[in-house]
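Peer 1: This structure is in structure tokens; I'll ask about it shortly.
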Amino acid sequence: MPERKLQSTYPLRLRLHHIIFEADTPAGKLFDVVLIFSIILSVIVVMLDSVAVLQQEYGPLFYLFEWFFTLLFTVEYLLRLSCVGRPLKYAGSFFGIVDLLSIIPTYLSLFIPSGEYLLVIRVLRLLRVFRVLKLVQYVGEANYLMRALRASRRKVAVFLLSVLLMMVIFGSVMYIVEGPEHGFTSIPYWAIVTMTTVGYGDISPQTDLGQAIASLVMILGYAIIAIPTGIVTAELTFSQQITTKSCPQCSAEGHAPDAIYCKRCGATL
């Protein structure tokens, strides 16, 4: 009872923030589940609407569904802006932009005439598929992986730079060894295709030396695949346990279970 009375005294804005941005409460979990199913259904409607036969037969129904989901996500977007301490900061964040992209095409289609501009409207409809990106923020494992990728970004950057240097070196060597007469008309293409193990086969070395170099590049290509996996896995192993706590002021996430203040702005959680 005391806990219920305490929760009832919370300002409406703070209670909305707990429901919309956090998943530690039954109301927050229910909100996330409903929103996840709405996103999935809206994306399915967009994909079905792209099928010509279905669009001709069920076009008006798809149109009604589209407006229903657009209004639903519009209300959700406005609620998110209203319950955070810095609405402009959230609006300019990744998920804030995704939220806007998921609703704005329907409204823009009202002001774009048909006829020769029909293709533009179809392109705008494709932007609605960005709704599927909203699912990422409701999956704890995805957020866990994103934090590991951020923590290992410098190591991954050094790795990619090393791979780029190897591609330039081997591509230049093969260009010298084989030459344009054997189809090597550019330096980077063959090296990228070979080292990434794609192996289109449209360009292949003809000389013995070129084939030996190509064999070495292929082996290196398989060897380097495991390196970024190991880097990210190490960060996943040593990452600390976190909760779904979200700062009501700056919307920062990834706080420790015993955190009392926001690690970014210092606001009380």
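Peer 1: So which of LEU88, LEU48 ends up being aliphatic (A, V, I, L, M) and surrounded by fewer than 11 Cβ atoms within 10 Å (Cβ to Cβ)? Steps first, answer last, please.
Peer 2: Numbers: LEU48 fails: surrounded by fewer than 11 Cβ atoms within 10 Å (Cβ to Cβ).
Within the list LEU88, LEU48, the selection yields LEU88.
Peer 1: Here's a follow-up. Test ILE112 against the criterion of being surrounded by fewer than 16 Cβ atoms within 10 Å (Cβ to Cβ), β-branched (Val, Ile, Thr), at pLDDT 65 or above and part of a helix (DSSP H, G or I), and give yes or no. Before the answer, list the steps.
Peer 2: On the way: surrounded by fewer than 16 Cβ atoms within 10 Å (Cβ to Cβ): yes; β-branched (Val, Ile, Thr): yes; at pLDDT 65 or above: yes; part of a helix (DSSP H, G or I): no.
So ILE112 does not fit the description; no.
Peer 1: Another one. Under 8 Å by Cβ, and 6 or more places apart or on different chains, what pairs join a residue from region 18-44 that is not assigned by TED's automatic domain parsing to the domain that holds TRP67 and among the aliphatic types (A, V, I, L, M) with one that is loosely packed, with under 14 Cβ neighbours inside 10 Å and outside any helix (DSSP H, G or I)?
Peer 2: none
Peer 1: Provide a single number: the residues in region 157-186 that are part of a loop (DSSP other than H, G, I, E, B) and within 21 Å of TYR222 (Cα to Cα). Before the answer, list the steps.
Peer 2: Start the filter on region 157-186 by keeping residues that are part of a loop (DSSP other than H, G, I, E, B), which leaves 178-179, 183-186.
Next cut, within 21 Å of TYR222 (Cα to Cα) only: none.
Residues that pass the stated criteria total 0.
Peer 1: So which residues in region 193-204 are among the aliphatic types (A, V, I, L, M) and surrounded by 15 or more Cβ atoms within 10 Å (Cβ to Cβ), if there are any at all? Let's see the steps before the verdict.
Peer 2: The initial filter retains those residues of region 193-204 that are among the aliphatic types (A, V, I, L, M), namely 193, 195, 198, 203.
Within region 193-204, VAL193, MET195, ILE203 qualify.
The values are calculated or read from the model by the stated rules, or taken from the named source; none is laboratory data. All figures in this text were calculated on a predicted structure; none of them were measured in a lab. All Cβ positions, even for glycine, are placed from backbone atoms using ideal geometry, and neighbour counts span all protein chains on display.
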